[in-house]
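Have a look at the structure below, then the notes.
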Amino acid sequence: MEVVRRVTCRLLAVFLLFCCVLAEWNTQDYLKREHTLVKPYSGSGLAVPQWDFVGTTMVTNNFVRLTSDHQSRQGAIWNTQPCMIKNWELHVQFKVHGSGKNLFGDGFGIWYTKDRNQLGPVFGNKDFFTGMAILFDTYSNHNGPHNHEHPYVSAMINNGTLHYDHDRDGTHTELAGCEAKFRNKDYDTYAAIRYQDNILKVSLDTDGKNGWKECFVAHGVKLPIGYFFGASAATGDLADNHDIISLKLYELDSITKKEDSSDYRGLPSADFFAAPRDHIEDPKGAFMSGGGWSGWKIFIIIVLSILGLAVCGVVGYVIFNKNSDYSRKRFY
Ligand SMILES: *[C@@H]1O[C@H](CO)[C@@H](O)[C@H](O)[C@H]1NC(C)=O
Ligand SMILES: [Ca+2]
(Lines give C-alpha, C1' and ligand atoms only; values in the text may rest on other atoms or scores of the structure.)
(Ligands and ions follow the chains in the order given, each with its own letter.)
Protein backbone atom coordinates (compact mmCIF):
# COMPACT_ATOMS: atom_id res chain seq x y z
CA MET A 1 0.00 0.00 0.00
CA GLU A 2 3.02 2.27 0.49
CA VAL A 3 3.50 2.47 -3.28
CA VAL A 4 -0.15 3.27 -3.82
CA ARG A 5 0.00 6.06 -1.32
CA ARG A 6 3.18 7.51 -2.72
CA VAL A 7 1.98 7.41 -6.32
CA THR A 8 -1.39 8.86 -5.36
CA CYS A 9 0.19 11.69 -3.41
CA ARG A 10 2.54 12.53 -6.21
CA LEU A 11 -0.23 12.51 -8.78
CA LEU A 12 -2.46 14.59 -6.58
CA ALA A 13 0.33 17.09 -6.08
CA VAL A 14 0.86 17.40 -9.83
CA PHE A 15 -2.89 17.64 -10.34
CA LEU A 16 -3.29 20.40 -7.75
CA LEU A 17 -0.31 22.29 -9.11
CA PHE A 18 -1.86 22.13 -12.55
CA CYS A 19 -5.16 23.45 -11.20
CA CYS A 20 -3.38 26.33 -9.51
CA VAL A 21 -1.50 27.23 -12.66
CA LEU A 22 -4.76 27.17 -14.64
CA ALA A 23 -6.60 29.26 -12.06
CA GLU A 24 -3.77 31.78 -11.97
CA TRP A 25 -3.65 31.93 -15.73
CA ASN A 26 -7.41 32.62 -15.85
CA THR A 27 -7.41 35.39 -13.33
CA GLN A 28 -4.35 37.09 -14.76
CA ASP A 29 -5.80 36.88 -18.23
CA TYR A 30 -8.91 38.79 -17.22
CA LEU A 31 -7.26 41.20 -14.80
CA LYS A 32 -6.85 44.63 -16.37
CA ARG A 33 -3.56 46.06 -15.08
CA GLU A 34 -4.33 49.59 -16.26
CA HIS A 35 -7.35 49.77 -13.92
CA THR A 36 -5.78 47.88 -11.04
CA LEU A 37 -4.08 49.08 -7.88
CA VAL A 38 -2.09 46.48 -5.96
CA LYS A 39 0.95 46.34 -3.71
CA PRO A 40 3.68 47.43 -4.15
CA TYR A 41 1.98 50.70 -5.10
CA SER A 42 4.84 52.82 -6.30
CA GLY A 43 6.91 51.99 -9.30
CA SER A 44 10.19 53.79 -9.63
CA GLY A 45 10.04 57.01 -7.66
CA LEU A 46 7.06 58.14 -5.64
CA ALA A 47 4.38 58.16 -8.32
CA VAL A 48 1.88 55.33 -8.50
CA PRO A 49 1.44 54.34 -12.13
CA GLN A 50 -2.09 54.88 -13.53
CA TRP A 51 -3.43 56.51 -10.34
CA ASP A 52 -3.79 60.11 -9.20
CA PHE A 53 -3.95 61.09 -5.54
CA VAL A 54 -5.91 64.09 -4.34
CA GLY A 55 -6.70 65.69 -0.98
CA THR A 56 -5.54 63.99 2.19
CA THR A 57 -4.69 60.68 0.51
CA MET A 58 -1.35 59.18 1.44
CA VAL A 59 0.40 56.01 0.36
CA THR A 60 2.25 53.60 2.61
CA ASN A 61 3.74 50.23 1.77
CA ASN A 62 0.60 48.39 2.84
CA PHE A 63 -2.37 50.63 2.16
CA VAL A 64 -3.61 53.80 0.53
CA ARG A 65 -5.14 55.97 3.27
CA LEU A 66 -7.86 58.27 1.89
CA THR A 67 -8.47 59.87 5.26
CA SER A 68 -6.84 59.36 8.61
CA ASP A 69 -8.82 59.24 11.85
CA HIS A 70 -9.03 63.04 12.06
CA GLN A 71 -11.81 65.56 11.47
CA SER A 72 -12.62 67.36 8.20
CA ARG A 73 -10.58 65.34 5.72
CA GLN A 74 -11.28 64.57 2.08
CA GLY A 75 -9.14 62.27 0.01
CA ALA A 76 -9.42 60.32 -3.20
CA ILE A 77 -7.57 58.20 -5.72
CA TRP A 78 -8.47 58.20 -9.40
CA ASN A 79 -7.54 55.94 -12.25
CA THR A 80 -5.92 57.93 -15.05
CA GLN A 81 -7.18 55.56 -17.77
CA PRO A 82 -10.82 55.65 -18.94
CA CYS A 83 -12.47 52.24 -18.84
CA MET A 84 -13.37 51.06 -22.35
CA ILE A 85 -14.58 47.65 -21.13
CA LYS A 86 -18.34 47.00 -21.24
CA ASN A 87 -18.67 44.20 -18.71
CA TRP A 88 -16.47 44.13 -15.67
CA GLU A 89 -16.08 43.27 -12.03
CA LEU A 90 -14.17 45.44 -9.60
CA HIS A 91 -12.79 43.82 -6.44
CA VAL A 92 -12.07 46.25 -3.63
CA GLN A 93 -10.10 45.37 -0.53
CA PHE A 94 -10.71 48.06 2.08
CA LYS A 95 -10.29 48.71 5.76
CA VAL A 96 -12.32 51.21 7.78
CA HIS A 97 -11.11 51.59 11.32
CA GLY A 98 -10.64 54.11 14.07
CA SER A 99 -10.72 54.89 17.75
CA GLY A 100 -14.41 55.88 17.84
CA LYS A 101 -16.62 53.31 19.56
CA ASN A 102 -19.99 54.87 18.85
CA LEU A 103 -19.11 58.00 16.94
CA PHE A 104 -17.26 57.61 13.65
CA GLY A 105 -17.73 58.56 10.02
CA ASP A 106 -18.47 59.47 7.42
CA GLY A 107 -17.57 56.64 5.06
CA PHE A 108 -16.17 56.13 1.60
CA GLY A 109 -17.29 55.71 -1.99
CA ILE A 110 -16.20 53.69 -5.00
CA TRP A 111 -16.85 55.54 -8.23
CA TYR A 112 -17.28 55.03 -11.93
CA THR A 113 -17.75 58.58 -13.17
CA LYS A 114 -17.19 60.98 -16.02
CA ASP A 115 -15.19 63.45 -13.91
CA ARG A 116 -12.24 62.72 -11.69
CA ASN A 117 -9.96 64.38 -9.16
CA GLN A 118 -12.68 66.73 -7.86
CA LEU A 119 -13.02 66.75 -4.10
CA GLY A 120 -16.45 67.44 -2.65
CA PRO A 121 -19.13 66.70 -0.08
CA VAL A 122 -20.26 63.22 -1.23
CA PHE A 123 -17.84 61.07 0.75
CA GLY A 124 -14.99 63.15 -0.60
CA ASN A 125 -16.23 63.41 -4.18
CA LYS A 126 -18.16 66.16 -5.97
CA ASP A 127 -21.97 66.32 -5.77
CA PHE A 128 -24.11 66.23 -8.94
CA PHE A 129 -21.69 63.68 -10.34
CA THR A 130 -22.27 61.85 -13.59
CA GLY A 131 -21.90 58.10 -13.24
CA MET A 132 -22.19 55.51 -10.52
CA ALA A 133 -21.37 55.59 -6.82
CA ILE A 134 -21.17 52.65 -4.46
CA LEU A 135 -21.32 54.29 -1.05
CA PHE A 136 -20.15 52.81 2.23
CA ASP A 137 -21.89 55.04 4.74
CA THR A 138 -20.75 54.43 8.31
CA TYR A 139 -22.61 57.28 10.01
CA SER A 140 -26.38 57.63 10.22
CA ASN A 141 -27.30 61.31 9.73
CA HIS A 142 -30.99 60.46 9.83
CA ASN A 143 -32.78 61.61 12.98
CA GLY A 144 -36.12 59.98 12.28
CA PRO A 145 -36.87 56.28 12.52
CA HIS A 146 -34.60 54.16 10.33
CA ASN A 147 -35.50 51.51 7.88
CA HIS A 148 -31.94 50.26 7.99
CA GLU A 149 -28.91 50.14 10.24
CA HIS A 150 -25.46 51.59 9.62
CA PRO A 151 -22.93 50.98 8.20
CA TYR A 152 -24.93 50.83 4.99
CA VAL A 153 -23.76 50.04 1.45
CA SER A 154 -25.79 51.49 -1.42
CA ALA A 155 -25.63 52.40 -5.09
CA MET A 156 -26.55 55.69 -6.72
CA ILE A 157 -26.73 56.35 -10.45
CA ASN A 158 -26.61 59.97 -11.47
CA ASN A 159 -26.82 61.85 -14.79
CA GLY A 160 -25.46 65.00 -13.18
CA THR A 161 -28.81 66.38 -11.99
CA LEU A 162 -29.25 64.57 -8.66
CA HIS A 163 -28.07 65.89 -5.32
CA TYR A 164 -26.84 63.48 -2.66
CA ASP A 165 -28.70 64.41 0.52
CA HIS A 166 -26.60 63.57 3.58
CA ASP A 167 -29.40 64.53 5.97
CA ARG A 168 -31.41 61.60 4.66
CA ASP A 169 -28.35 59.37 4.08
CA GLY A 170 -29.11 59.43 0.38
CA THR A 171 -32.13 57.17 0.85
CA HIS A 172 -34.32 58.91 -1.72
CA THR A 173 -31.70 58.70 -4.48
CA GLU A 174 -30.43 55.20 -3.77
CA LEU A 175 -30.92 52.40 -6.24
CA ALA A 176 -30.53 49.57 -3.74
CA GLY A 177 -28.50 48.78 -0.64
CA CYS A 178 -27.77 46.54 2.30
CA GLU A 179 -26.49 46.75 5.85
CA ALA A 180 -22.97 45.48 6.51
CA LYS A 181 -20.85 45.58 9.63
CA PHE A 182 -17.50 46.12 7.94
CA ARG A 183 -15.86 48.53 10.39
CA ASN A 184 -13.01 47.78 12.84
CA LYS A 185 -12.53 44.17 11.72
CA ASP A 186 -9.24 42.41 12.34
CA TYR A 187 -9.68 40.28 9.21
CA ASP A 188 -9.66 41.48 5.57
CA THR A 189 -12.83 43.02 4.14
CA TYR A 190 -13.78 43.05 0.46
CA ALA A 191 -16.47 44.25 -1.92
CA ALA A 192 -17.15 43.02 -5.46
CA ILE A 193 -18.95 45.35 -7.86
CA ARG A 194 -20.09 43.55 -10.98
CA TYR A 195 -21.49 45.36 -14.00
CA GLN A 196 -22.57 42.92 -16.69
CA ASP A 197 -25.28 43.16 -19.33
CA ASN A 198 -26.76 46.25 -17.64
CA ILE A 199 -27.06 44.42 -14.32
CA LEU A 200 -25.29 45.84 -11.31
CA LYS A 201 -24.50 43.41 -8.52
CA VAL A 202 -22.67 44.22 -5.33
CA SER A 203 -21.38 41.43 -3.11
CA LEU A 204 -19.50 41.74 0.14
CA ASP A 205 -16.98 39.63 1.99
CA THR A 206 -17.00 41.40 5.34
CA ASP A 207 -17.79 38.58 7.78
CA GLY A 208 -14.36 36.97 7.73
CA LYS A 209 -15.80 33.84 6.08
CA ASN A 210 -13.80 34.10 2.86
CA GLY A 211 -16.97 34.05 0.74
CA TRP A 212 -19.11 36.56 -1.13
CA LYS A 213 -22.51 37.49 0.21
CA GLU A 214 -24.90 39.27 -2.11
CA CYS A 215 -25.67 42.82 -1.04
CA PHE A 216 -28.03 43.75 -3.90
CA VAL A 217 -28.76 43.34 -7.58
CA ALA A 218 -30.14 46.15 -9.74
CA HIS A 219 -31.37 45.60 -13.29
CA GLY A 220 -31.58 48.05 -16.16
CA VAL A 221 -28.50 50.04 -15.19
CA LYS A 222 -26.95 51.86 -18.13
CA LEU A 223 -23.40 53.12 -17.85
CA PRO A 224 -21.37 54.38 -20.77
CA ILE A 225 -17.84 53.29 -21.47
CA GLY A 226 -15.03 55.82 -21.09
CA TYR A 227 -15.61 56.80 -17.47
CA PHE A 228 -13.07 56.59 -14.63
CA PHE A 229 -12.77 54.42 -11.55
CA GLY A 230 -12.00 56.10 -8.28
CA ALA A 231 -12.28 55.82 -4.52
CA SER A 232 -12.85 58.66 -2.10
CA ALA A 233 -13.56 59.19 1.58
CA ALA A 234 -14.41 62.00 3.95
CA THR A 235 -14.51 62.76 7.64
CA GLY A 236 -16.43 65.65 9.20
CA ASP A 237 -17.06 66.16 12.90
CA LEU A 238 -16.59 62.41 13.11
CA ALA A 239 -13.59 60.54 11.77
CA ASP A 240 -12.16 57.19 10.76
CA ASN A 241 -9.23 55.78 8.84
CA HIS A 242 -10.49 54.90 5.35
CA ASP A 243 -7.96 52.63 3.68
CA ILE A 244 -7.94 51.04 0.25
CA ILE A 245 -5.66 48.00 0.10
CA SER A 246 -6.34 47.01 -3.49
CA LEU A 247 -8.57 47.62 -6.50
CA LYS A 248 -8.65 44.87 -9.12
CA LEU A 249 -10.63 45.15 -12.33
CA TYR A 250 -11.57 42.00 -14.22
CA GLU A 251 -13.04 41.96 -17.70
CA LEU A 252 -16.17 39.82 -18.02
CA ASP A 253 -17.86 38.25 -21.03
CA SER A 254 -21.42 39.15 -21.84
CA ILE A 255 -23.78 36.35 -20.81
CA THR A 256 -26.62 37.33 -23.09
CA LYS A 257 -24.44 38.07 -26.13
CA LYS A 258 -27.33 40.16 -27.39
CA GLU A 259 -25.36 43.39 -27.23
CA ASP A 260 -25.29 45.45 -30.37
CA SER A 261 -21.90 46.27 -31.76
CA SER A 262 -22.02 49.93 -30.73
CA ASP A 263 -20.88 50.93 -27.27
CA TYR A 264 -23.28 52.83 -25.04
CA ARG A 265 -22.35 56.51 -24.95
CA GLY A 266 -25.45 58.03 -23.38
CA LEU A 267 -25.99 59.31 -19.85
CA PRO A 268 -26.01 56.94 -16.87
CA SER A 269 -29.52 55.75 -16.01
CA ALA A 270 -31.36 53.03 -14.10
CA ASP A 271 -34.74 51.59 -15.11
CA PHE A 272 -36.08 50.41 -11.80
CA PHE A 273 -35.19 49.43 -8.29
CA ALA A 274 -34.12 45.90 -7.44
CA ALA A 275 -36.74 43.76 -5.72
CA PRO A 276 -35.69 42.68 -2.26
CA ARG A 277 -34.32 39.18 -2.31
CA ASP A 278 -32.59 36.73 0.02
CA HIS A 279 -28.88 36.79 0.48
CA ILE A 280 -27.04 34.07 -1.38
CA GLU A 281 -23.61 32.78 -0.49
CA ASP A 282 -21.34 32.72 -3.49
CA PRO A 283 -18.00 30.99 -3.54
CA LYS A 284 -14.98 33.31 -3.49
CA GLY A 285 -14.00 34.41 -6.94
CA ALA A 286 -17.64 34.85 -7.87
CA PHE A 287 -16.74 36.78 -10.95
CA MET A 288 -16.18 33.47 -12.68
CA SER A 289 -19.47 31.90 -11.63
CA GLY A 290 -21.83 34.10 -13.55
CA GLY A 291 -20.01 34.17 -16.85
CA GLY A 292 -21.96 31.47 -18.70
CA TRP A 293 -20.31 28.58 -20.47
CA SER A 294 -17.69 30.36 -22.47
CA GLY A 295 -15.07 28.42 -24.40
CA TRP A 296 -12.21 28.58 -21.93
CA LYS A 297 -14.42 27.38 -19.08
CA ILE A 298 -15.48 24.29 -21.00
CA PHE A 299 -11.86 23.70 -21.98
CA ILE A 300 -10.73 23.81 -18.35
CA ILE A 301 -13.50 21.49 -17.24
CA ILE A 302 -12.53 18.99 -19.95
CA VAL A 303 -8.84 19.17 -19.00
CA LEU A 304 -9.69 18.73 -15.31
CA SER A 305 -12.00 15.80 -16.09
CA ILE A 306 -9.29 14.06 -18.11
CA LEU A 307 -6.78 14.63 -15.33
CA GLY A 308 -9.25 13.35 -12.74
CA LEU A 309 -9.91 10.22 -14.80
CA ALA A 310 -6.16 9.69 -15.24
CA VAL A 311 -5.62 9.89 -11.47
CA CYS A 312 -8.45 7.41 -10.85
CA GLY A 313 -7.10 5.13 -13.55
CA VAL A 314 -3.56 5.03 -12.16
CA VAL A 315 -4.74 4.57 -8.58
CA GLY A 316 -7.12 1.81 -9.70
CA TYR A 317 -4.39 0.12 -11.71
CA VAL A 318 -1.94 0.15 -8.79
CA ILE A 319 -4.55 -1.20 -6.38
CA PHE A 320 -5.54 -3.87 -8.88
CA ASN A 321 -1.90 -4.98 -9.21
CA LYS A 322 -1.54 -5.09 -5.44
CA ASN A 323 -4.63 -7.25 -5.18
CA SER A 324 -3.43 -9.67 -7.84
CA ASP A 325 -0.16 -9.92 -5.87
CA TYR A 326 -2.18 -10.99 -2.86
CA SER A 327 -4.20 -13.52 -4.82
CA ARG A 328 -1.02 -14.91 -6.33
CA LYS A 329 0.41 -15.26 -2.85
CA ARG A 330 -2.66 -17.16 -1.78
CA PHE A 331 -2.35 -19.64 -4.61
CA TYR A 332 1.35 -20.42 -4.38
C1 LIG B 1 -31.63 62.74 -15.31
O2 LIG B 1 -32.15 62.01 -14.23
C3 LIG B 1 -33.33 62.53 -13.71
C4 LIG B 1 -33.70 61.75 -12.47
O5 LIG B 1 -33.63 60.36 -12.69
C6 LIG B 1 -34.44 62.51 -14.79
O7 LIG B 1 -35.63 63.02 -14.29
C8 LIG B 1 -33.95 63.29 -16.00
O9 LIG B 1 -34.90 63.15 -17.05
C10 LIG B 1 -32.59 62.80 -16.46
N11 LIG B 1 -32.10 63.69 -17.50
C12 LIG B 1 -31.61 63.25 -18.67
C13 LIG B 1 -31.13 64.29 -19.60
O14 LIG B 1 -31.55 62.07 -18.95
CA1 LIG C 1 -24.48 59.09 6.44
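The values are calculated or read from the model by the stated rules, or taken from the named source; none is laboratory data. Every value quoted in this text rests on a predicted model; they were computed, and no experiment measured them. As a convention, Cβ positions derive from the backbone with ideal geometry for all residues, glycine included, and neighbour counts pool all protein chains shown. Surface accessibility is based on the protein's heavy atoms, side chains included, excluding ligands, DNA and RNA. Shrake-Rupley method; radii C 1.70, N 1.55, O 1.52, S 1.80 Å.
Calculate one ³J(HN,Hα) per residue across the stretch 234-241 by plugging θ = phi - 60° into the Karplus curve 6.51 cos²θ - 1.76 cosθ + 1.60, and present them in order as whole Hz with x for glycine and proline.
Once rounded to whole Hz, the list reads 8, 10, x, 5, 9, 9, 6, 7.
Give me the net charge of residue 249's neighbourhood, meaning all other residues with Cβ under 12 Å from the Cβ of residue 249; Lys, Arg count +1, Asp, Glu -1.
Local charge sum for residue 249: +1.
How high is the FRET efficiency from residue 101 to residue 47, r the C-beta distance, R0 30 Å, rounded to 0.05?
For residue 101 and residue 47, the calculated efficiency is 0.20.
Can you pull the percent of the stretch 31-270's accessible area that's carbon plus sulfur, 1.4 Å probe, other chains left in place?
46 percent
Return a whole-number percent for the relative contact order of the stretch 31-270, with Cα pairs under 8 Å and 6 or more residues apart as the contact set.
RCO, the stretch 31-270: 33 percent.
Enter the accessible area per residue of the stretch 142-224 (Å², integer; probe 1.4 Å; all protein chains in place).
With the other protein chains kept in place, the stretch 142-224 gives 41 Å² per residue.
Excluding residue 224 itself, what net charge comes from residues whose Cβ is under 11 Å from its Cβ, given Lys and Arg +1 and Asp and Glu -1?
Local charge sum for residue 224: +3.
Please tell me which of these pairs span more than 20 angstrom C-alpha to C-alpha: 126/185; 86/213; 86/201; 213/248; 95/181; 32/86?
As for pairs spanning more than 20 Å Cα to Cα, those are 126/185; 86/213.
Over the heavy atoms of residue 195, what accessible area does a 1.4 Å probe trace out, to the nearest 10 Å²?
In the full protein context, residue 195 sits at about 10 Å².
So, taking all protein chains as they sit and a 1.4 Å probe, how much accessible area belongs to residue 84, in Å² rounded to tens?
Rounded to the nearest 10, the figure is 100 Å².
Determine the sum of side-chain charges near residue 233: Lys and Arg each +1, Asp and Glu each -1, restricted to other residues whose C-beta is under 13 angstrom from that of residue 233.
Overall, the nearby charge balance is -1.
What ranking of 168, 183, 73 comes out by heavy-atom accessible area, probe 1.4 Å, highest first?
168, 73, 183
Around residue 205, which amide H atoms from residues at least 5 apart in sequence, or from another chain, sit under 5 Å from its own amide H, with H modelled in the peptide plane?
Here 190, 191, 192, 213 satisfy the definition.
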